[in-house]
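This report concerns only the one structure given below.
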Amino acid sequence: MTRIADTVSCMDGYDPNALRVDKARQAIRACMAPLQEVQLVKTREALGRVLAQDIVPSINVPAHDNSAMDGYAVRFSDLDPDGETLLAEAGTALAGRPFQGMLGAKQCVRIMTGAVMPAGADTVVIQEVVRAAGKQIAIPAGQKSRQNVRYAGEDLRVGVPVLASGKHLLPSDIGLIASLGIGEVRVRRRLRVAFFSTGDELASIGSALKEGEVYDSNRYTLHGMLARLGVEIIDLGVVRDDPALLEAAFTKAASQADAVITTGGVSVGEADFVKQLMAKLGEVLFWKIAMRPGRPMAFGRIGDAWLFGLPGNPVAVMVTFYQFVRDALLHLSGRSSGLELPLLKALSSEPIRKVPGRTEYQRGILFQEGSEWKVRTTGQQGSGVLRSMSEANCFIVLEHDRGKVQAGEPVQVQLFEGLA
Ligand code: AMP
Ligand code: MG
């Protein structure tokens, strides 16, 4: 396997001590190849999975021309364009119970939505506009040829691919596959992701806090974020800042998972012994990323697993997860689209302090004022203030080269909807 350092060091603008966010993302992506293993699952169980085959219809959907409305199936050529036409009702066509005969001249068939168009009929007149005239049906002028008919293959056509390998399967896709009568599909194996928290100061829920301790919250936010990505989760708990314990944890995690995420232990004060340990176990790069929050981060490989060593601060964990880990995991999972989070524009309702030279992810509240979408920060932006993530509904993404923001200036936002 190529060394990570060899892959990334030749990248333009690669500087591990002042790495731009886009470069870090690019470096991670350059190293990784998607999982290839495939499973056959029942259509319903494919929800949220990554499709590992192309779906090419072998039937048309709908299979037959059918009515889009309740009304009367007619031959358009029978209708008088300038006045009422009287037609004889020859029978009924219901959804699933077609009219068996052939529509003759000056005949119509009572038809319901979804019923197969009778042979000979080409147009449906909605029931609201017709009039019963004795035993006949009176059709007013002004109908259009072929109106209210859904054609065979209008949704899906035999031989025309509809879903490509690499598609993340959503409810609409599952329904679409079902509409083709397909009961099982090939999907990529689910990614296995292990994680643990490091830190001597961490207490687990259930034990009383001793002096200087904090409850470990990172494993809970990580669990939540991973659960939303639909990966298999392996929670390896809290590990003390102890080389022997850390080595055991890394080895175990790497043997069980495709990717390992740790939090804490990569900041300047702590990184040294972790660095030595990592160098022994695999190949891990320690980066200082030009971003806030989330400056220190480790990326590498231990055994067969990718490693993301995230900072310890709770907000930095979430920011680095969403800016780097999320799309890396989706890429590994084999997803071919939807990896990048959209950036939208909103007007900042207040000035925001910012210095050029790093990308900032401030926690924002997007709100509507009149017809305008505006955004303000949640206030205190410390990387330990997890409340700022709960209060926010978006990141305000302040670009690398940007300086301070004036009130009323447009800024980029990344919505939390579907994320946090
Ligand atoms: P570190 O990156 O290990 O230096 O940690 C930075 C800060 O994040 C410290 O204040 C830690 O107490 C805090 N921290 C680290 N890990 C966690 C965790 N799992 N849950 C909550 N806070 C944490
Ligand atoms: Mg620590």
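The values are calculated or read from the model by the stated rules, or taken from the named source; none is laboratory data. Note that the structure is a prediction, hence the values are computed from the model and not measured. When we count neighbours, we look across all protein chains shown, and the Cβ atoms used for this are built from the backbone with ideal geometry, even at glycine. Each accessible area value is taken on the protein alone, full model and side chains, heavy atoms only, with ligands, DNA and RNA left out. Shrake-Rupley method; radii C 1.70, N 1.55, O 1.52, S 1.80 Å.
Within the stretch 230-246, is even one residue under 24 Å from the mean Cα position of the chain (by Cα) and more than 26 Å from Arg188 (Cα to Cα)? Checked against the condition, which is being under 24 Å from the mean Cα position of the chain (by Cα) and more than 26 Å from Arg188 (Cα to Cα), the stretch 230-246 yields no hits at all.
Listed by position, the helices (runs of 4 or more DSSP H) inside the stretch 301-406 whose residues that are within 16 Å of ligand 2 (Cβ to nearest atom) number at least 2 are 314-320.
Looking at the stretch 360-371, can you tell me whether even one residue there is within 16 Å of ligand 1 (Cβ to nearest atom), over 20 Å from the mean Cα position of the chain (by Cα) and either modelled with pLDDT of 95 or more or not basic (Lys, Arg) (or both)? Checking the stretch 360-371: not a single residue is within 16 Å of ligand 1 (Cβ to nearest atom), over 20 Å from the mean Cα position of the chain (by Cα) and either modelled with pLDDT of 95 or more or not basic (Lys, Arg) (or both). Reported count of residues in the stretch 204-227, each being free of Cβ contacts under 8 Å to residues at least 24 places away in the same chain, within 15 Å of ligand 2 (Cβ to nearest atom) and of a type in the set (Gly, Ala, Ser), is 1. Total residues in the stretch 276-287 satisfying the condition of being more than 14 Å from ligand 1 (Cβ to nearest atom) and open to solvent by 20 Å² or more (accessible area, probe 1.4 Å): the figure is 8. Just checking, does the stretch 140-147 include any residue being of a type in the set (A, V, I, L, M, F, W, C) and within 42 Å of the chain's Cα centre (by Cα)? No, because not a single residue in the stretch 140-147 is of a type in the set (A, V, I, L, M, F, W, C) and within 42 Å of the chain's Cα centre (by Cα).
Only one of the numbered conditions (1) part of a loop (DSSP other than H, G, I, E, B); (2) touching a strand residue (DSSP E or B) at 6+ places or on another chain (Cβ under 7 Å) is violated by Gly83, and that is (2). When Lys135, Lys210 are screened for being open to solvent by 40 Å² or more (accessible area, probe 1.4 Å) and away from ligand 1 (no atom under 16 Å from the Cβ), only Lys135 passes. Residue by residue through the stretch 68-80, note down the ones that are among the aromatic types (Phe, Trp, Tyr) and assigned to a strand (DSSP E or B). Answer for the stretch 68-80, where residues must be among the aromatic types (Phe, Trp, Tyr) and assigned to a strand (DSSP E or B): just Tyr72. I'd like to check something: does the stretch 257-269 contain any residue that is open to solvent by 50 Å² or more (accessible area, probe 1.4 Å) and part of a helix (DSSP H, G or I)? Within the stretch 257-269, one or more residues are open to solvent by 50 Å² or more (accessible area, probe 1.4 Å) and part of a helix (DSSP H, G or I). For the stretch 214-223, the criterion of being open to solvent by less than 40 Å² (accessible area, probe 1.4 Å), of a type in the set (D, E, K, R), within 13 Å of ligand 1 (Cβ to nearest atom) and more than 28 Å from Lys167 (Cα to Cα) is satisfied by at least one residue. For the stretch 228-246, a residue qualifies if it is within 12 Å of ligand 2 (Cβ to nearest atom) and either under 22 Å from Ala328 (Cβ atoms) or surrounded by 15 or more Cβ atoms within 10 Å (Cβ to Cβ) (or both), and the qualifying residues are Val238, Val239, Asp241, Leu246. A search for C-beta distances below 8 Å between a residue of the stretch 361-385 that is on the phi > 0 side of the Ramachandran plot and buried (at least 17 other Cβ atoms within 10 Å of the Cβ) and any residue that is of a type outside the set (A, V, I, L, M, F, W, C) and modelled with pLDDT of 95 or more, counting only pairs 6+ apart in sequence or on different chains, returns nothing. Among the residues of the stretch 288-300 satisfying the criterion of being in a strand (DSSP E or B) and open to solvent by 10 Å² or more (accessible area, probe 1.4 Å), which is nearest to ligand 2 (Cβ to nearest atom)? That would be Pro296.
Scanning the stretch 247-256 for residues that are away from ligand 1 (no atom under 16 Å from the Cβ) and open to solvent by less than 50 Å² (accessible area, probe 1.4 Å) yields a single hit, Ala254.
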